[in-house]
Amino acid sequence: MVESTSQKTRAAARTPGEDDVQPRLRLRFALYTGLVLLGTGLAITWLVNREVENRAARTVESQARAVAVTNLRSHLRAADFTAPVSRARRKALDGLFRRSIVVPGVVGGGLVSPDGTITYSARHERIGQKVQHPKILAAVLRGEVTRRVTSTNTWRAQKHLKVLQILVPVRATFSGKPIGVIALDQDYRAVAVGTGDAHLRLALILAVALLALFATLLPIMNRLTRQLETRNRRLRELAEERGSLLEAERAALTEAEAVHQLLSEQNERLRELDRLKDEFVSLVSHELRTPLTSIRGYIELLLEDGDDVGADQRRYLEIVDRNSERLLELVSDLLFLAEIEAGKLGIERSQVDLSKIVEECIETSSPVADAHGIELNAKVDRVPRLQGDRARLAQVLDNLVSNGLKFTPSGGRVEVRLSAQDGAAILEVEDTGLGIPVDEQERLFERFFRSSNAAENAIPGTGLGLTITKAIVERHGGRIEVDSAENTGTTVRVSLPLGARHEAEAPSLAAA
């Protein structure tokens, strides 16, 4: 109830201001509309005026051309266009021009020879002079009737009078070449008189049109004004709501900071739990290694005693032997990861011949490749020896070749390449296998991660091989990269420095 009362009070307080705004909006709208309409009317008037003047000029041009063709040309001689006329001929031409020209407003005229010499002019002082516009003369001599607006002195001693000059070609025969030009100067006011009435009528029409248009726009203006008032009122309401929301956002921000603090504490707790989990895995792995080693030893003794073991029993023992071997490898990998996490990964450095490691790996893996129908070969360049742990580097290559064979179907190919580039040994393992989806390639070196292709094709593995491989490579100061395309193949590239000895700290498991 109190809130409703306050809103009414604010609305009542705003009403006088809004009442003052409405007339101003209407007046401003009316003023702008009037200016636009006035500008449009002036533009239309100018265009119509131009058209009317052009039509009047064409009418005068037609009259002048008719006079020149019918009245003047029949009384002219060819000699009148070859050289300035004599005094007697000039007097005859003066009478001819005054008597034969019946077009109103003609204030001058003359004859021009093809070379541009004025052979006769109503203003006698111009006889014998050259024309000032030879290009216009050339166009007329090609047979074109030309008109132009200029200013001149008339034979009645009028100075600088604005005239419409008509230039008409004269031919000795109907289809012959022009032998000269007749020029007539007509007072431009004759043209303006023809357009005056049209201007008045046009102005009246435009005035009526402007009033009708303004009357039509007035309801639209009122409607727009009301819409603007409604929108302004809504904007003020939104501003008040925004203020309330801002207060709510500040309260939410305070609450979010408290939640962030709680999440930070929980994150620390999770890190502690993760550390305890790693310790537990390490402890369990240590405890499992001893009994597994003992089990494998007794199984080997039973398999060596072939006399007392039947065929079925031997098959059962071989299955147990294979699975215990896999379990022992998993335990060894877990212990290796525990050493990496603890920063205790030991590297026994010596001079290592990588080409010999490649040769041994190919020899060891060839039976597996042959059994699966996979082509396994190597391309080895001459590479200097490097400082490193021979056993660990052999483990790197074994892991990469083993992965290539597991993920390559029968009939495929696995190739190992060794070369030296820019002071580093480059070891590449390329296969034509299943490949790795693009969205999974960034997770290849995470613990226990296995690609979707491995799960879909039931390919065995623990997801620890590449994690261990990356840790060993980085411990030697190198780097490992993967380039893969799904259903095309994968190339793993390992770069190891050949220069000074790199004493890199064992990377943490999280970094790996």
Restricting the search to region 125-147, which residues are without any contact (Cβ under 8 Å) to a residue 40 or more places away in the chain and within 57 Å of the chain's Cα centre (by Cα)? 133, 134, 135, 136, 138, 139, 142, 144, 146
For residue 129, the lone unmet condition from (1) at pLDDT 85 or above; (2) surrounded by fewer than 19 Cβ atoms within 10 Å (Cβ to Cβ); (3) closer than 14 Å to residue 182 by Cα is (3)
Give just the number: which of (1) surrounded by fewer than 19 Cβ atoms within 10 Å (Cβ to Cβ); (2) in contact (Cβ under 8 Å) with a residue 24 or more places away in the chain; (3) under 39 Å from the mean Cα position of the chain (by Cα) does residue 415 not satisfy? (3)
Just for region 398-412: of the residues that are of a type in the set (Ser, Thr, Tyr) and over 24 Å from residue 354 (Cα atoms), which one is surrounded by the most Cβ atoms within 10 Å (Cβ to Cβ)? 408
May I ask you to verify whether residue 365 is assigned by TED's automatic domain parsing to the domain that holds residue 416 and either out of contact with any Gly (no Cβ under 9 Å at 6 or more places or on another chain) or buried (at least 19 other Cβ atoms within 10 Å of the Cβ) (or both)? yes
Enumeration of residues in region 368-390 that are over 18 Å from residue 414 (Cβ atoms) and surrounded by 13 or more Cβ atoms within 10 Å (Cβ to Cβ): 383, 385, 386, 387, 388, 389, 390
From 164, 111, 137, grab the single residue that is outside any helix (DSSP H, G or I) and at pLDDT 80 or above. 111
Selected residue [modelled with pLDDT of 70 or more, surrounded by 11 or more Cβ atoms within 10 Å (Cβ to Cβ) and either small (Gly, Ala, Ser) or over 30 Å from residue 36 (Cα atoms) (or both)] from 190, 209: 209
Matching residues, region 427-439, being surrounded by 17 or more Cβ atoms within 10 Å (Cβ to Cβ) and closer than 18 Å to residue 493 by Cβ: 427, 428, 429, 430, 431, 432, 433, 435, 436
Flagged in region 377-397 as within 13 Å of residue 359 (Cα to Cα) and assigned to a strand (DSSP E or B), in numbering order, are 377, 378, 379, 380
Being at pLDDT 80 or above and more than 25 Å from residue 366 (Cα to Cα) narrows it down to one of 438, 482, 473, so name that one. 438
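Listed here are the residues, each with its yes/no results for (1) at pLDDT below 90; (2) in a helix (DSSP H, G or I); (3) not aromatic (Phe, Trp, Tyr).
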| position | (1), (2), (3) |
| --- | --- |
| 333 | yes, yes, yes |
| 340 | yes, yes, yes |
| 343 | yes, no, yes |
| 347 | yes, no, yes |
| 356 | no, yes, yes |
| 359 | no, yes, yes |
| 365 | yes, yes, yes |
Residue 469: within 43 Å of the chain's Cα centre (by Cα), among the polar types (S, T, N, Q), assigned by TED's automatic domain parsing to the domain that holds residue 371 and assigned to a loop (DSSP other than H, G, I, E, B), yes or no? no
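Residues checked against (1) modelled with pLDDT under 85; (2) in a strand (DSSP E or B); (3) in contact with a Pro (Cβ under 8 Å, 6 or more places away or on another chain); (4) more than 20 Å from residue 390 (Cα to Cα):
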site	(1), (2), (3), (4)
408	no, no, no, yes
420	no, yes, yes, no
450	yes, no, no, yes
490	no, yes, no, yes
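The values are calculated or read from the model by the stated rules, or taken from the named source; none is laboratory data. Note that the coordinates shown come from a computational prediction; the quantities given were computed from them, not determined experimentally. Counting neighbours? That spans all protein chains shown, and the Cβs are built from the backbone with ideal geometry, glycine included.
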